[in-house]
Structure formats: C-alpha cells, structure tokens
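Visitor: Before we start, here is the structure in question, set down as structure tokens.
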Amino acid sequence: SANSTNAELRYRAKYIVRSIILAYATSKSTGLATVIVDAGAFQMGSPTKEPGRRTDETPHEVRINIPFLLGKHEVTQRQFQQVMGFAPSHFSSTADGKAKVLKLDTSEFPVERVSWFDAAAFCNRLSKKDGYPSYYKMTNLQHDGNSIMQADMVVAGGNGYRLPTEAEWEYACRASTTQRFHFGSVSTNKKANFIARGPSIYGSSSKLQSLGRTAKVGSYPPNVWGLYDMHGNVAEWCSDWYAKDYYAHARPMDPTGPNDGQHRVLRGGSWLVNEASCRSATRFYLTGDQRKYFAGFRVARTP
C-alpha cells in the first residue's frame with residue numbers, strides 16, 4: 001500500500017507504519033528513547049557564502065528513502081555503563097574531569113571518551129539486550145583496557161541498533177530547516193553547549209559563560225523533530241568513513257560514505273569548540289581508535 005498509486009492508500013499506509021514503529025521506539029532494557037525520522041529529501045552541505053563554512057561542505061541534494069529511528073538524546077553515561085559494564089567518561093566524579101562536575105550527578109551526561117569501535121559494540125550489545133540481531137559483525141578485537149581500539153568490521157545489516165550515516169545525521173539535525181542551525185542563523189549558548197569566545201560571527205553573543213564541560217542531555221531546546229543536543233555538547237560518531245571530497249561523487253539516495261578510509265566522521269561540534277564548528281553542516285573526523293573527552297554518539301535503528 002505504501003507504494004500504491006492511490007493517494008489515500010499511501011497516506012493511510014504511512015501512518016500505520018508510523019504507529020508500528022512507535023511501538024518499538026523505546027529500548028526495553030535501558031529506556032533509551034528514539035524519535036521517528038520520516039523519509040525525505042534535503043540539501044546537504046552549506047551554501048558557499050555561509051560564514052564559518054569549510055571546503056568539505058559542498059552542497060548537494062540527498063534523499064533519505066526509508067524512515068528510521070534516531071536517539072532522542074546522546075547516549076548517557078548511565079546507559080553506556082549499563083550496557084557495556086564500564087565507565088570511560090572524563091566528566092564524572094571518579095575521573096580526571098571531576099573538578100568540573102563537583103556535586104553533580106553525571107549519570108545523565110553524555111558518555112564520552114569512547115572509540116568508534118566502542119560505539120559500534122554498544123549498538124550490538126543493546127541490540128542483543130532488546131532482542132534484535134547485531135547490526136555489525138566484529139572480529140579480532142584489540143583492547144586497551146575495556147575500550148576497543150581495533151576490530152575487523154562487517155555490516156551484517158538488519159533491524160538492530162547502529163550508528164547513523166552522516167547523511168541521516170544532517171537530515172535529522174536540520175529537521176527541514178536550511179539555516180546554519182536548526183534554531184536559525186543566530187546562535188547563543190542558551191541554545192546549545194558550545195564555547196563562547198568573544199563576539200559572535202553570527203550577529204549575537206551570549207552573556208552566559210561557557211560551561212567548559214558537557215551538560216546533562218536535554219538541557220537545551222530540541223529541534224522541531226524532538227531531537228536534543230544536535231549542536232554542541234559532544235561530537236557524535238557516525239558510521240561513515242571520512243573523505244574531504246566525498247560529496248562531489250556521493251550517490252543521491254541514502255549515501256553511506258566512502259568504501260574505506262583512515263578516519264571516521266563526527267558531527268554536531270561539541271562543548272569544546274565555537275559556534276561555527278557546531279553548524280548543521282560542519283564535519284569532523286578522528287581515527288576510530290581515538291577517545292576524546294568531547295566525542296560521544298547517539299544510536300539509530302531501521303525497524
């Protein structure tokens with residue numbers, strides 16, 4: 001019915017599918033909540049005259065063809081420890097960043113200092129807990145303590161938890177908007193957790209001091225699709241390999257990134273960078289084994 005030529009059948013099918021997906025939008029084991037992101041098309045990248053843009057943000061048309069679920073929040077320290085059994089975060093009462101979070105409960109702060117492989121392993125273990133097949137096949141794991149620094153990876157696919165593609169991430173962040181941020185073209189650190197240094201290049205500066213650390217997930221207003229902290233807080237691992245020139249030859253339908261590379265993509269900026277580095281189009285990258293106190297993730301799933 002979803003592919004019918006009858007407009008009413010298509011309309012009804014869309015909302016039946018949506019109601020089915022909604023029934024599986026919350027993790028049974030951890031309470032991790034996800035939001036439905038409907039299929040649609042958007043302009044990925046940034047206009048050539050956007051202040052703060054970089055050369056790897058070539059604008060191009062992309063279509064997300066299949067609805068998917070995306071984490072309402074970044075994965076929290078509590079959720080990560082519950083699933084993975086260890087606590088890697090810098091900003092916690094027992095780690096090096098404890099002076100920044102004195103007397104604060106950081107269980108609902110985003111997890112950070114996780115490698116790309118840790119994020120993928122979290123997706124697999126959460127899938128197992130919730131009764132879904134693992135999305136990734138990981139073999140020959142190499143550890144540094146509890147953290148996974150290297151592994152042979154194959155995408156098994158299916159309906160388990162996974163990392164979002166870079167295109168899915170930007171599409172969800174923009175939420176049908178075309179400006180620098182999902183909340184418009186003017187930013188202040190009342191709207192996102194980034195570092196404020198001097199006058200804003202976007203016409204407005206906040207009188208609030210920068211936190212200089214992560215913040216509890218959901219502390220800032222969501223976008224219109226109900227997703228929190230898409231700008232700032234922690235940079236978020238995506239599934240894609242990074243290539244500076246990938247946009248020039250990316251496929252227009254559900255792009256998944258280059259076939260290989262040296263670095264993995266992160267999106268959204270973080271508490272450690274300025275507003276220009278937290279724009280919807282901004283791209284970052286690290287090697288998959290790096291664990292930074294500004295890097296975390298959120299999960300996706302295609303049920």
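The values are calculated or read from the model by the stated rules, or taken from the named source; none is laboratory data. Given the structure is predicted, the values throughout are model-derived calculations rather than measurements. FYI the Cβ positions are ideal-geometry reconstructions off the backbone, even for glycines, and counts take in every protein chain you see. For accessibility, only protein heavy atoms count, side chains too; no ligands or nucleic acids. Shrake-Rupley method; radii C 1.70, N 1.55, O 1.52, S 1.80 Å.
Visitor: When you go through ALA87, ALA2, ALA23, ALA13 one by one, which is the residue that is small (Gly, Ala, Ser), modelled with pLDDT of 95 or more and on the phi < 0 side of the Ramachandran plot?
Guide: One residue alone meets the criteria, ALA87.
Visitor: Given the structure, is VAL154 hydrophobic (A, V, I, L, M, F, W, C), over 20 Å from the mean Cα position of the chain (by Cα) and outside any loop (DSSP other than H, G, I, E, B)?
Guide: Yes: the conditions hold for VAL154.
Visitor: Of all residues in the range 142-155, how many are closer than 21 Å to ASN259 by Cα, surrounded by fewer than 13 Cβ atoms within 10 Å (Cβ to Cβ) and not acidic (Asp, Glu)?
Guide: So the count comes out to 2.
Visitor: In the range 122-135, which residues are touching a strand residue (DSSP E or B) at 6+ places or on another chain (Cβ under 6 Å) and open to solvent by 10 Å² or more (accessible area, probe 1.4 Å)?
Guide: ASN124, TYR135
Visitor: While we're looking at this one, here's another question. Of the residues GLU74, GLU61, GLU50, GLU57, which single one is touching a helix residue (DSSP H, G or I) at 6+ places or on another chain (Cβ under 9 Å) and either in a loop (DSSP other than H, G, I, E, B) or open to solvent by 70 Å² or more (accessible area, probe 1.4 Å) (or both)?
Guide: Sole residue among the options that is touching a helix residue (DSSP H, G or I) at 6+ places or on another chain (Cβ under 9 Å) and either in a loop (DSSP other than H, G, I, E, B) or open to solvent by 70 Å² or more (accessible area, probe 1.4 Å) (or both): GLU57.
Visitor: Just checking, does the range 85-102 include any residue being among the basic types (Lys, Arg) and assigned to a loop (DSSP other than H, G, I, E, B)?
Guide: No, the range 85-102 contains no residue that is among the basic types (Lys, Arg) and assigned to a loop (DSSP other than H, G, I, E, B).
Visitor: Of (1) open to solvent by 30 Å² or more (accessible area, probe 1.4 Å); (2) hydrophobic (A, V, I, L, M, F, W, C); (3) free of Cβ contacts under 8 Å to residues at least 60 places away in the same chain, LEU266 satisfies all except one. Which?
Guide: The single condition LEU266 does not satisfy is (1).
Visitor: Being within 23 Å of TYR247 (Cβ to Cβ) and either under 18 Å from the mean Cα position of the chain (by Cα) or open to solvent by less than 80 Å² (accessible area, probe 1.4 Å) (or both) narrows it down to one of PHE86, PHE91, PHE68, so name that one.
Guide: Sole residue among the options that is within 23 Å of TYR247 (Cβ to Cβ) and either under 18 Å from the mean Cα position of the chain (by Cα) or open to solvent by less than 80 Å² (accessible area, probe 1.4 Å) (or both): PHE68.
Visitor: Quick one: in the range 200-254, which of the residues that are modelled with pLDDT under 95 and open to solvent by 70 Å² or more (accessible area, probe 1.4 Å) is farthest from GLY269 (Cα to Cα)?
Guide: Ranking the candidates gives HIS249 first.
Visitor: Counting only residues that are within 30 Å of THR76 (Cβ to Cβ) and in a loop (DSSP other than H, G, I, E, B), which one in the range 34-45 is least open to solvent (accessible area, probe 1.4 Å)?
Guide: If we take residues in the range 34-45 being within 30 Å of THR76 (Cβ to Cβ) and in a loop (DSSP other than H, G, I, E, B), then ALA39 is least open to solvent (accessible area, probe 1.4 Å).
Visitor: Further, regarding this structure: Can you pull out every residue in the range 269-281 that is open to solvent by 10 Å² or more (accessible area, probe 1.4 Å) and either assigned to a loop (DSSP other than H, G, I, E, B) or without any contact (Cβ under 8 Å) to a residue 24 or more places away in the chain (or both)?
Guide: TRP271, LEU272, VAL273, ASN274
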